[in-house]
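Below is one structure; the comments refer to it alone.
The values are calculated or read from the model by the stated rules, or taken from the named source; none is laboratory data. Since the model is a prediction, treat every value here as computed from it, not as a measurement. FYI the Cβ positions are ideal-geometry reconstructions off the backbone, even for glycines, and counts take in every protein chain you see.
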Amino acid sequence: MKKTILFLVFTLTTFSSFACREALQLKTFPIGILDDKIIAMDVIIKRSDPRVRINKEKYKWFLTTYISEYNREGELILVKEMDCIEFLKDDYEDELKELFQNTLDSTKKTYKGLEKLQPKYISFCNYSGNCELLKKTFEKENFYLKYKKKKYSVHLDNFLNFDKVINTYEGHYELSSIRVFEAGDVQIVLGHLGKGHELGLGWLTNDPNKKSEKEGDVVIYVKEEKRDLDFDSIENSIYTEDLLHHGFGFDAIFVVK
């Protein structure tokens with residue numbers, strides 16, 4: 001039986017058009033399991049248009065975090081808003097880690113007996129097409145991710161307002177990363193899918209023969225890579241996902257039993 005991928009969806013202001021460097025991401029950072037529920041921090045990350053930056057050397061960031069609960073079928077059953085911050089900076093990694101620590105502290109108080117997940121695997125596909133362990137495929141207008149030869153369906157039309165932000169046409173999204181977590185008999189897989197100008201304008205290629213450094217015709221060769229991250233505990237599972245220009249990205253999460 002086909003299993004369904006769950007996408008974290010919040011009611012968002014419609015971002016029907018982005019400026020060149022403006023970008024939006026929906027990220028999920030799983031924490032642990034309690035009574036068959038998966039507890040996670042979800043975060044909306046927005047990068048502002050550089051034309052409205054007060055300081056031309058920095059971006060304006062908006063981060064909103066949530067504590068979320070999923071059941072073992074990967075269905076979102078509860079969302080609680082935690083923090084909302086904005087700041088001027090080149091990146092947002094330090095702030096994201098601080099927000100995650102706040103969420104960890106809150107979950108310790110709220111979810112007594114929470115069994116933390118153990119990070120097992122992380123790899124960055126870099127929008128090169130597919131990851132070694134995770135692939136995207138389209139069959140008769142249906143969108144799937146394949147993990148260990150099993151298909152997990154993508155059902156974006158199940159979520160109110162999500163279609164105002166993204167669409168699901170074939171080729172619009174590429175995989176940026178894959179993460180795998182475990183606890184007991186549960187394995188949780190997350191794949192990040194994104195799109196942006198680099199993809200839409202053909203600036204990225206997984207064919208080394210097509211790369212180019214000509215002025216006005218730059219094409220960058222990309223491939224999957226393992227980065228030097230301490231991905232060995234929940235506390236060390238936070239990272240920043242690559243943001244494309246004029247981009248949007250989101251995490252897909254599914255449970256493998």
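Look through the range 212-246, keep the residues that are touching a helix residue (DSSP H, G or I) at 6+ places or on another chain (Cβ under 7 Å) and part of a strand (DSSP E or B), and return whichever of them is farthest from LYS149 (Cα to Cα). Here the answer is VAL219.
State which residue is modelled with the lowest pLDDT when the search covers only the range 126-145 and only residues that are of a type in the set (Lys, Arg) and surrounded by 15 or more Cβ atoms within 10 Å (Cβ to Cβ). It comes out as LYS136.
If you check ILE166 against the conditions, is it in a loop (DSSP other than H, G, I, E, B), surrounded by 12 or more Cβ atoms within 10 Å (Cβ to Cβ) and at pLDDT below 85? Full working, then the answer.
Working: in a loop (DSSP other than H, G, I, E, B): yes; surrounded by 12 or more Cβ atoms within 10 Å (Cβ to Cβ): yes; at pLDDT below 85: yes.
Against the criterion (in a loop (DSSP other than H, G, I, E, B), surrounded by 12 or more Cβ atoms within 10 Å (Cβ to Cβ) and at pLDDT below 85), ILE166 qualifies.
The set of residues in the range 30-58 being at pLDDT 85 or above and more than 30 Å from GLN118 (Cβ to Cβ) consists of LYS46, ARG47.
Screening ASN209 against (1) assigned to a helix (DSSP H, G or I); (2) modelled with pLDDT under 85; (3) surrounded by 13 or more Cβ atoms within 10 Å (Cβ to Cβ) leaves a single unmet condition, (3). Among the conditions (1) touching a Leu at 6+ places or on another chain (Cβ under 8 Å); (2) closer than 26 Å to VAL255 by Cβ, TYR92 misses just one, which is (2). Taken over the range 8-29, the criterion of being within 16 Å of the chain's Cα centre (by Cα) and modelled with pLDDT of 55 or more is satisfied by ALA23, LEU24, GLN25, LEU26, LYS27, THR28, PHE29.
Annotation note: Cβ proximity below 6 Å between a residue of the range 23-45 that is under 14 Å from LYS80 (Cα atoms) and a residue that is of a type in the set (Lys, Arg) and assigned to a strand (DSSP E or B) (sequence gap 6+ or interchain) occurs for VAL43/LYS27. Only residues that are in contact with a Leu (Cβ under 6 Å, 6 or more places away or on another chain) and at pLDDT 85 or above: list them for the range 71-89, please. Scanning the range 71-89 gives ASP83, ILE85.
Pairing each residue of the range 204-229 that is touching a residue at least 40 places away in the same chain (Cβ under 8 Å) with any residue that is in a helix (DSSP H, G or I), provided the two are 6+ apart or on different chains, yields C-beta distances under 7 Å for LEU204/GLU198. For the range 236-257, a residue qualifies if it is of a type in the set (Phe, Trp, Tyr) and modelled with pLDDT of 90 or more, and exactly one does: TYR239.
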